[in-house]
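Read the figures in this text as sums done on the coordinates, not as results from a lab. The model shown is predicted, which means the values in this text are computed figures rather than measured ones. Virtual Cβ from ideal backbone geometry, glycine too; neighbours counted across all protein chains shown.
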Amino acid sequence: MATKRQIETRLRKDTYIKSLKATEKLLFVYLLTNSFTNIAGVYEIGIDEMIIDTKLLEWQIISILKKFEEDWKIVYKKNWVYIKNFIKYQSKNPSIIQGIVKEIDMIPKWFLKEIDIQIPVSKDTKYIKAKKKITKKYEVDTSPKPIIDKDKAREALNRGRWK
């Protein structure tokens with residue numbers, strides 16, 4: 001696990017982040033930067049650890065995590081966290097991609113089925129969907145899939161048409 005995390009300064013200008021309450025911002029940034037976070041943005045952490053580090057109450061953390069999931073930002077199930085779009089903001093050089101695949105290999109199969117993780121396969125932002133573990137024992141859907149901004153997709157569906 002990396003000992004340093006960089007956060008884009010544009011995070012503060014993000015409309016979603018600006019809409020969050022202080023406790024929600026605290027937990028969001030904590031989930032991006034805590035010592036369990038890895039290059040894939042998928043890791044195991046218990047609520048008790050979050051309580052100790054953030055000083056938030058258990059009910060606050062559970063409530064905020066539910067909000068993040070409803071907002072399609074973060075998934076938290078059985079002590080596993082998946083930060084959507086985390087990989088999107090990583091460098092796409094071969095060693096980073098290899099590190100992402102290595103981390104995804106360690107995700108429990110049941111959790112991989114719960115999340116819609118996209119794996120970069122090249123610098124030019126082609127992605128594959130990880131349906132199962134990546135090791136040679138398993139198959140992967142290798143057809144490149146475009147990344148769809150789910151917020152824009154939801155808005156388009158609500159309007160009844162795509163732009």
Quiz item: Say each of LYS67 and THR33 gets a label point 7 Å from the Cα, pointing the same way as Cα to Cβ; how far apart are those two points in nm?
Solution: 1.9
Practice problem: Hey, can you grab everything whose amide H is under 5 Å from the amide H of TRP80? Only 5+ residues off in sequence or another chain; H modelled, so Pro and N-termini drop out. | Solution: ILE45
Quiz item: Using θ = phi - 60° and the Karplus curve 6.51 cos²θ - 1.76 cosθ + 1.60, what whole-Hz ³J(HN,Hα) does each residue of segment 89-99 get, with Gly and Pro shown as x?
Solution: 9, 8, 4, 10, 6, x, 6, 5, 4, 4, x
